[in-house]
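In what follows, a single structure is set out as C-alpha coordinates and then discussed.
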Amino acid sequence: LQEYYCSFEAESDDQLITFAQVLEAQQRQARAEPWDEKVIGVDVARFGDDCSVIYFRQGRDGSPIPFERFQGMDTMEFASRVASWIEKWEPDAVFIDDGGLGGGVVDRLRQLQFRDVIGINFGGKSDSNRTGLKAANKRTEMWLAMRDWLARSALPESDLLTAELMGPLYRYDADNRIALERKEDMKKRGVASPDIADALALTFAYPVQPRT
(Lines give C-alpha, C1' and ligand atoms only; values in the text may rest on other atoms or scores of the structure.)
Protein backbone atom coordinates (compact mmCIF):
# COMPACT_ATOMS: atom_id res chain seq x y z
CA LEU A 1 0.00 0.00 0.00
CA GLN A 2 1.21 3.47 -0.80
CA GLU A 3 1.41 5.62 2.33
CA TYR A 4 0.73 9.35 2.36
CA TYR A 5 1.90 11.65 5.10
CA CYS A 6 1.74 15.36 5.67
CA SER A 7 3.54 17.89 7.80
CA PHE A 8 1.61 17.83 11.06
CA GLU A 9 2.70 21.39 11.81
CA ALA A 10 1.27 22.71 8.53
CA GLU A 11 -2.15 23.73 9.79
CA SER A 12 -4.53 26.23 8.25
CA ASP A 13 -7.57 28.17 9.41
CA ASP A 14 -9.87 26.14 7.18
CA GLN A 15 -8.79 22.78 8.62
CA LEU A 16 -11.68 20.96 10.31
CA ILE A 17 -9.53 18.89 12.70
CA THR A 18 -6.16 20.05 14.01
CA PHE A 19 -3.02 18.18 14.95
CA ALA A 20 -3.44 19.24 18.59
CA GLN A 21 -6.90 17.65 18.75
CA VAL A 22 -5.63 14.38 17.29
CA LEU A 23 -2.51 14.31 19.47
CA GLU A 24 -4.51 14.83 22.67
CA ALA A 25 -6.82 11.95 21.71
CA GLN A 26 -3.82 9.70 20.99
CA GLN A 27 -2.31 10.49 24.39
CA ARG A 28 -5.57 9.89 26.24
CA GLN A 29 -6.54 6.58 27.81
CA ALA A 30 -10.19 5.62 27.41
CA ARG A 31 -11.25 2.15 28.42
CA ALA A 32 -14.44 0.84 26.85
CA GLU A 33 -17.13 -0.20 29.30
CA PRO A 34 -19.32 -3.29 28.71
CA TRP A 35 -22.37 -1.04 28.27
CA ASP A 36 -20.74 1.18 25.63
CA GLU A 37 -22.04 0.99 22.08
CA LYS A 38 -20.04 -1.15 19.66
CA VAL A 39 -20.01 0.30 16.14
CA ILE A 40 -18.29 -0.63 12.88
CA GLY A 41 -17.73 1.92 10.13
CA VAL A 42 -16.94 0.67 6.63
CA ASP A 43 -15.55 2.83 3.83
CA VAL A 44 -15.48 1.04 0.47
CA ALA A 45 -12.78 1.98 -2.07
CA ARG A 46 -14.01 3.64 -5.26
CA PHE A 47 -10.73 4.23 -7.10
CA GLY A 48 -7.61 2.21 -7.83
CA ASP A 49 -5.33 3.79 -5.23
CA ASP A 50 -8.01 4.10 -2.54
CA CYS A 51 -8.42 1.54 0.24
CA SER A 52 -11.41 -0.18 1.77
CA VAL A 53 -11.39 0.17 5.54
CA ILE A 54 -13.14 -1.51 8.46
CA TYR A 55 -13.02 0.65 11.61
CA PHE A 56 -14.09 -0.39 15.12
CA ARG A 57 -15.26 1.91 17.92
CA GLN A 58 -16.64 1.15 21.36
CA GLY A 59 -17.84 4.20 23.25
CA ARG A 60 -14.88 6.54 23.79
CA ASP A 61 -12.37 3.89 22.76
CA GLY A 62 -11.32 4.55 19.18
CA SER A 63 -9.42 1.29 18.84
CA PRO A 64 -10.96 -1.66 20.68
CA ILE A 65 -9.78 -3.62 17.63
CA PRO A 66 -7.17 -2.25 15.18
CA PHE A 67 -8.70 -0.98 11.96
CA GLU A 68 -8.22 -3.05 8.81
CA ARG A 69 -7.24 -1.58 5.45
CA PHE A 70 -7.36 -3.34 2.09
CA GLN A 71 -6.42 -2.33 -1.43
CA GLY A 72 -7.72 -4.04 -4.56
CA MET A 73 -9.95 -6.48 -2.69
CA ASP A 74 -12.94 -7.85 -4.57
CA THR A 75 -16.30 -6.47 -3.38
CA MET A 76 -17.70 -9.88 -2.43
CA GLU A 77 -14.49 -10.83 -0.66
CA PHE A 78 -14.58 -7.57 1.28
CA ALA A 79 -18.24 -8.09 2.19
CA SER A 80 -17.28 -11.53 3.48
CA ARG A 81 -14.57 -9.96 5.64
CA VAL A 82 -17.06 -7.51 7.13
CA ALA A 83 -19.53 -10.34 7.73
CA SER A 84 -16.86 -12.29 9.58
CA TRP A 85 -16.25 -9.36 11.92
CA ILE A 86 -19.97 -8.86 12.54
CA GLU A 87 -20.28 -12.48 13.61
CA LYS A 88 -17.15 -12.32 15.75
CA TRP A 89 -17.56 -8.92 17.45
CA GLU A 90 -21.37 -8.61 17.45
CA PRO A 91 -21.58 -4.81 16.98
CA ASP A 92 -24.70 -2.84 17.78
CA ALA A 93 -24.60 -1.17 14.36
CA VAL A 94 -22.64 -1.29 11.12
CA PHE A 95 -22.61 1.86 8.97
CA ILE A 96 -21.37 1.51 5.38
CA ASP A 97 -20.75 4.15 2.74
CA ASP A 98 -23.17 2.87 0.11
CA GLY A 99 -22.01 5.13 -2.72
CA GLY A 100 -20.33 3.45 -5.68
CA LEU A 101 -19.17 -0.08 -4.89
CA GLY A 102 -20.34 0.27 -1.30
CA GLY A 103 -23.91 -0.40 -2.39
CA GLY A 104 -22.90 -3.90 -3.39
CA VAL A 105 -21.36 -4.54 0.02
CA VAL A 106 -24.54 -3.36 1.75
CA ASP A 107 -26.72 -5.54 -0.50
CA ARG A 108 -24.59 -8.62 0.10
CA LEU A 109 -24.61 -8.22 3.88
CA ARG A 110 -28.37 -7.76 3.91
CA GLN A 111 -28.66 -10.84 1.73
CA LEU A 112 -26.76 -12.67 4.47
CA GLN A 113 -29.45 -11.50 6.95
CA PHE A 114 -27.35 -8.99 8.91
CA ARG A 115 -30.10 -6.67 10.12
CA ASP A 116 -27.94 -4.03 11.80
CA VAL A 117 -26.26 -2.99 8.53
CA ILE A 118 -27.17 0.54 7.45
CA GLY A 119 -26.11 2.18 4.19
CA ILE A 120 -25.04 5.83 4.43
CA ASN A 121 -25.09 8.33 1.59
CA PHE A 122 -22.22 10.78 2.15
CA GLY A 123 -23.88 13.39 -0.04
CA GLY A 124 -27.28 12.97 1.56
CA LYS A 125 -29.07 15.51 3.70
CA SER A 126 -27.78 16.08 7.21
CA ASP A 127 -30.22 14.26 9.50
CA SER A 128 -29.60 15.98 12.81
CA ASN A 129 -28.13 18.96 14.56
CA ARG A 130 -26.12 17.00 17.15
CA THR A 131 -23.15 19.36 17.15
CA GLY A 132 -25.04 22.65 17.17
CA LEU A 133 -23.56 23.45 13.75
CA LYS A 134 -25.30 23.32 10.39
CA ALA A 135 -23.79 20.70 8.07
CA ALA A 136 -24.15 20.80 4.29
CA ASN A 137 -24.41 17.01 3.97
CA LYS A 138 -24.30 13.73 5.89
CA ARG A 139 -20.53 13.32 5.59
CA THR A 140 -19.88 16.76 7.07
CA GLU A 141 -22.32 16.00 9.91
CA MET A 142 -20.45 12.80 10.75
CA TRP A 143 -17.06 14.55 10.74
CA LEU A 144 -18.38 17.27 13.04
CA ALA A 145 -19.72 14.63 15.42
CA MET A 146 -16.35 12.85 15.26
CA ARG A 147 -14.52 16.09 16.06
CA ASP A 148 -16.66 16.58 19.17
CA TRP A 149 -16.00 12.98 20.22
CA LEU A 150 -12.23 13.50 19.91
CA ALA A 151 -12.28 16.00 22.77
CA ARG A 152 -13.01 13.27 25.32
CA SER A 153 -11.94 10.04 23.67
CA ALA A 154 -8.89 7.98 22.68
CA LEU A 155 -7.32 7.26 19.29
CA PRO A 156 -4.62 4.77 18.28
CA GLU A 157 -1.18 6.13 17.46
CA SER A 158 -1.06 6.11 13.68
CA ASP A 159 0.69 8.69 11.51
CA LEU A 160 -1.52 7.72 8.59
CA LEU A 161 -4.74 8.22 10.57
CA THR A 162 -3.39 11.51 11.93
CA ALA A 163 -2.67 12.78 8.42
CA GLU A 164 -6.09 11.71 7.18
CA LEU A 165 -7.96 13.37 10.04
CA MET A 166 -6.07 16.61 9.36
CA GLY A 167 -6.41 16.36 5.58
CA PRO A 168 -9.87 17.71 4.64
CA LEU A 169 -10.50 21.44 4.61
CA TYR A 170 -13.92 23.03 5.00
CA ARG A 171 -15.85 26.02 3.75
CA TYR A 172 -19.25 27.62 4.25
CA ASP A 173 -21.81 27.19 1.49
CA ALA A 174 -24.40 29.72 0.30
CA ASP A 175 -26.72 28.71 3.15
CA ASN A 176 -23.97 29.27 5.73
CA ARG A 177 -23.60 25.54 6.34
CA ILE A 178 -20.24 23.87 6.92
CA ALA A 179 -19.18 21.79 3.91
CA LEU A 180 -16.30 19.34 4.21
CA GLU A 181 -13.91 19.13 1.27
CA ARG A 182 -14.72 16.31 -1.15
CA LYS A 183 -12.29 13.45 -1.69
CA GLU A 184 -12.04 14.36 -5.36
CA ASP A 185 -11.00 17.92 -4.52
CA MET A 186 -8.45 16.69 -1.98
CA LYS A 187 -6.81 14.58 -4.67
CA LYS A 188 -6.62 17.57 -7.02
CA ARG A 189 -4.40 19.35 -4.51
CA GLY A 190 -2.28 16.24 -3.94
CA VAL A 191 -3.83 15.01 -0.68
CA ALA A 192 -4.78 11.35 -0.41
CA SER A 193 -8.32 10.14 0.15
CA PRO A 194 -9.04 9.92 3.91
CA ASP A 195 -10.36 6.37 3.79
CA ILE A 196 -9.51 5.45 7.40
CA ALA A 197 -10.82 8.74 8.77
CA ASP A 198 -14.04 8.37 6.78
CA ALA A 199 -14.51 4.86 8.18
CA LEU A 200 -14.13 6.23 11.71
CA ALA A 201 -16.51 9.09 10.89
CA LEU A 202 -19.08 6.54 9.72
CA THR A 203 -19.31 5.19 13.28
CA PHE A 204 -21.04 8.50 14.08
CA ALA A 205 -23.67 8.29 11.33
CA TYR A 206 -26.45 7.96 13.90
CA PRO A 207 -26.64 7.65 17.69
CA VAL A 208 -26.41 3.97 18.64
CA GLN A 209 -27.92 2.28 21.67
CA PRO A 210 -26.02 -0.79 22.94
CA ARG A 211 -27.96 -4.05 23.14
CA THR A 212 -26.98 -4.42 26.78
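The values are calculated or read from the model by the stated rules, or taken from the named source; none is laboratory data. The shown structure was predicted, so the numbers you read here are calculated from the model rather than taken from an experiment. Glycine gets a Cβ as well: all are built from the backbone with ideal geometry, and neighbour counts include every protein chain shown. Only protein heavy atoms, including side chains, enter the accessible area calculation; ligands, DNA and RNA are left aside. Shrake-Rupley method; radii C 1.70, N 1.55, O 1.52, S 1.80 Å.
Observations, loosely collected:
- Matching residues, segment 22-54, being over 26 Å from residue 109 (Cα atoms) and open to solvent by less than 10 Å² (accessible area, probe 1.4 Å): 22, 25
- Subset of segment 163-200 [touching a Leu at 6+ places or on another chain (Cβ under 9 Å), in a helix (DSSP H, G or I) and hydrophobic (A, V, I, L, M, F, W, C)]: 165, 166, 186, 196, 197, 200
- Any hit, segment 136-153, residues being open to solvent by less than 70 Å² (accessible area, probe 1.4 Å), in contact with a helix residue (DSSP H, G or I) (Cβ under 6 Å, 6 or more places away or on another chain), more than 24 Å from residue 32 (Cβ to Cβ) and of a type in the set (A, V, I, L, M, F, W, C): no
- Filter result for residue 42 (over 25 Å from residue 155 (Cα atoms) and either modelled with pLDDT of 95 or more or assigned to a helix (DSSP H, G or I) (or both)): no
- Looking across segment 61-79, just one residue is part of a loop (DSSP other than H, G, I, E, B) and among the aromatic types (Phe, Trp, Tyr), and that is 67.
- Flag for residue 133 being of a type in the set (A, V, I, L, M, F, W, C), open to solvent by 20 Å² or more (accessible area, probe 1.4 Å), under 29 Å from residue 23 (Cα atoms) and out of contact with any Ser or Thr (no Cβ under 6 Å at 6 or more places or on another chain): yes
- Within segment 1-30, residues that are assigned to a helix (DSSP H, G or I) reach partners that are at pLDDT 50 or above and open to solvent by 60 Å² or more (accessible area, probe 1.4 Å) with beta carbons closer than 6 Å, at six or more positions or on different chains, in the pairs 26/157.
- Single residue of 172, 206 found to be among the aromatic types (Phe, Trp, Tyr), open to solvent by 30 Å² or more (accessible area, probe 1.4 Å), in contact with a strand residue (DSSP E or B) (Cβ under 7 Å, 6 or more places away or on another chain) and within 17 Å of residue 126 (Cα to Cα): 172
- Scanning segment 1-39 for residues that are at pLDDT 95 or above and among the hydrophobic types (A, V, I, L, M, F, W, C) returns 16, 17, 19, 20, 22, 23, 25, 39.
- Test: residue in segment 103-116 that is modelled with pLDDT of 95 or more, within 23 Å of residue 180 (Cα to Cα) and not polar (S, T, N, Q): no
- Output for segment 79-96, where each listed residue is among the aromatic types (Phe, Trp, Tyr) and surrounded by 22 or more Cβ atoms within 10 Å (Cβ to Cβ): 95
- Scope segment 45-60; condition more than 12 Å from the chain's Cα centre (by Cα) and either part of a loop (DSSP other than H, G, I, E, B) or among the charged types (D, E, K, R) (or both); matching residues: 45, 46, 47, 48, 49, 50, 51, 59, 60
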